[in-house]
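The values are calculated or read from the model by the stated rules, or taken from the named source; none is laboratory data. What you are looking at is a predicted structure, and each value in this text was computed from that prediction instead of being measured. Here the Cβ is made from the backbone with ideal geometry for all residues, glycine too, and neighbour counts use every protein chain on show. Accessible surface is based on the protein model in full, side chains and every heavy atom, while ligands, DNA and RNA are left aside. Shrake-Rupley method; radii C 1.70, N 1.55, O 1.52, S 1.80 Å.
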Amino acid sequence: MPDGFRCRGGELCADGVKLADIAAAVGTPFYVYSAGMIAARYRRFAAAFAPAPPLICFAVKANSNLAVLRLFAALGAGADVVSEGELRRALAAGIPPQRIVFSGVGKSGAELDAALAAGIHQINAESVAELRRLSEATAASGTTARVAIRVNPDVDALTHAKIATGKRENKFGIDIDEAVDAYRFAAALPGIEPVGLAVHIGSQTGGGLGPFAEAFGRLAGLVGELRGLGLAVRRVDLGGGLGIRYHHETPPEPADYARLVLGIFGPLDVEIACEPGRVLVGPAGVLVARVIDVKQGRSRRFVILDAAMNDLLRPALYDAWHDIVPVRLPEAGAVLSPADVVGPVCESGDAFAVARDLPPLAAGDLVALTDAGAYGAVMSSTYNSRLLVPEVLAAGDRYAVVRPRPSYEDLLNMDAVPEWIDDAVSPLEPAPGAA
Ligand code: LLP
């Protein structure tokens, strides 16, 4: 079990709070995060770069709860945002605009305007067309945009195809061969100040440090090339991607990652920024669910939870592994046997685990799905008209609901039914084009 969820008296806790106590008060399913663990993971990451940590822009997409972002603000972190919504969250949580970078392959005009109005640290431009639109936006608002050109380094991040971003065939960034032209173009555009380069090769990268070394090496080469042409390059933004151990992976340690980064970019005299998400919050959250029923099929044991793919999408979307641990630890010597752990949603893909060795479980038991602090709650939905999953933050022996479970009234009130709706299917008015 990750540190922040260690057991006390035979029961899993979040920081110092029993998960069963939170379940009794909040109901299930819910996410709970350990504030202590988030802080420890952030500090460890920052300390790896001692004496001078880079600008650490937490990737808000990994966990955008305002209370979590507020912790990062208090720790001195910045934010990497990819939408106006994330920008507003980061600002509302008290992250200073001077520590916010805006990434993303398709920023709308309104989003560029919002970034300029907030005066953020940097906008990472992903295409020449975007540079043009940004230049126009600066003219309209009388601002200047500090821009990093996000290059696509054509590096295989050795991760799941759905979360790789650094290969030429991915939609992200400007092809590294075209980066010099793009940088020159940016330098000539009114309102645009090209300040550096950005790269992000993918999330939960495999292959140890190899893919990072390859991508950062190419980026460093490009810094030299641009400077050789007389162009100023003050900053590099190295993206996110440091993985965590969900199952048997052995991701690089922050210290080794930092050594690689400083080894490559230290001699170049550039300001370094990075955008870690998962590594800071992934292990610091669990999804707690209750067993609704156990169904013994002829060939399988099905453990049916009250959490489903709409609450934690990663297993259905990426075949991702999350450990599943009973909240009350099983008796010593309990026999493990395979079970399919599934949710109630009407899709066969709604399974958290297949043939997973688990101790005996009965209706009413609580289980924790681990390493769910990143890309858990943020990817949840109300599919099957299930209520959006709540979030809880634990710190020491305190906890608070940091996103309450909506009511069914809230759910129904999201929709609006026009007063003419019944006429729309009036038998007296055939639809246009109908014979
Ligand atoms: N920077 C950029 C530009 C990104 O696109 C991402 C992630 C990050 C930073 C943060 O990456 P991290 O350090 O968290 O690996 N939903 C998927 C992950 C998709 C991540 C997309 N971009 C999952 O559940 O695994």
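Observations on the structure shown:
- Only one of Gly221, Gly217, Gly266, Gly230 that is open to solvent by 60 Å² or more (accessible area, probe 1.4 Å), more than 22 Å from the chain's Cα centre (by Cα) and small (Gly, Ala, Ser): Gly230
- Of everything in the range 364-385 that is assigned to a loop (DSSP other than H, G, I, E, B) and surrounded by fewer than 20 Cβ atoms within 10 Å (Cβ to Cβ), the residue that is nearest to the ligand (Cβ to nearest atom) is Ser381.
- Wholly enclosed helices (runs of 4 or more DSSP H) of the range 237-326 bearing at least 2 residues closer than 23 Å to Phe30 by Cβ and free of Cβ contacts under 8 Å to residues at least 40 places away in the same chain: 314-318
- Residue in the range 328-351 that is within 16 Å of the ligand (Cβ to nearest atom) and either among the aliphatic types (A, V, I, L, M) or more than 21 Å from the chain's Cα centre (by Cα) (or both) present: yes
- Check on Thr205, within 23 Å of Ala59 (Cβ to Cβ) and either within 16 Å of the ligand (Cβ to nearest atom) or not basic (Lys, Arg) (or both): yes
- In the range 18-28, the residues that are open to solvent by less than 10 Å² (accessible area, probe 1.4 Å) and out of contact with any Cys (no Cβ under 9 Å at 6 or more places or on another chain): Ile22, Ala23
- Restricting the range 386-404 to residues that are closer than 22 Å to Cys346 by Cβ and either without any contact (Cβ under 8 Å) to a residue 60 or more places away in the chain or under 21 Å from the mean Cα position of the chain (by Cα) (or both), the residue that is surrounded by the most Cβ atoms within 10 Å (Cβ to Cβ): Val389
- Top-ranked residue of the range 170-185 - restricted to ones that are hydrophobic (A, V, I, L, M, F, W, C) and part of a helix (DSSP H, G or I), ranked as most open to solvent (accessible area, probe 1.4 Å): Phe185
- Top-ranked residue of the range 29-65 - restricted to ones that are part of a helix (DSSP H, G or I), open to solvent by 30 Å² or more (accessible area, probe 1.4 Å) and more than 16 Å from the ligand (Cβ to nearest atom), ranked as nearest to Glu271 (Cα to Cα): Ala47
- Of everything listed in (1) under 20 Å from Arg290 (Cα atoms); (2) touching a Gly at 6+ places or on another chain (Cβ under 9 Å), the single unmet condition for Gly16 is (1).
- The conditions of being part of a strand (DSSP E or B), aliphatic (A, V, I, L, M) and over 30 Å from Phe58 (Cα atoms) are not met by Ala416.
- Hey, Ile192 touching a Pro at 6+ places or on another chain (Cβ under 7 Å) and either of a type outside the set (D, E, K, R) or within 16 Å of the ligand (Cβ to nearest atom) (or both) or not: no
- Residues in the range 299-336 that are open to solvent by less than 10 Å² (accessible area, probe 1.4 Å) and modelled with pLDDT under 95: 0 in all.
- When residues in the range 272-298 are screened for being closer than 26 Å to Gln122 by Cβ and surrounded by fewer than 16 Cβ atoms within 10 Å (Cβ to Cβ), 0 of them pass.
- Taking the criterion of being of a type in the set (Phe, Trp, Tyr), more than 30 Å from Leu358 (Cβ to Cβ) and more than 13 Å from the ligand (Cβ to nearest atom), the only residue of the range 255-304 that qualifies is Phe265.
- Every listed requirement among (1) touching a His at 6+ places or on another chain (Cβ under 7 Å); (2) more than 28 Å from Cys7 (Cα to Cα); (3) of a type in the set (Asp, Glu) is met by Asp371 save one, (2).
- Tally, over the range 144-171, of residues that are within 16 Å of the ligand (Cβ to nearest atom) and touching a strand residue (DSSP E or B) at 6+ places or on another chain (Cβ under 6 Å): 12
- Leading residue by the ranking (farthest from Leu231 (Cα to Cα)) among those in the range 140-157 that are in contact with a Leu (Cβ under 6 Å, 6 or more places away or on another chain) and open to solvent by 10 Å² or more (accessible area, probe 1.4 Å): Ser141
- Residues located in the range 273-304, provided they are hydrophobic (A, V, I, L, M, F, W, C) and touching a Leu at 6+ places or on another chain (Cβ under 7 Å): Ala273, Cys274, Val279, Val286, Leu287, Val288, Ala289, Val291, Ile292, Val294, Val303
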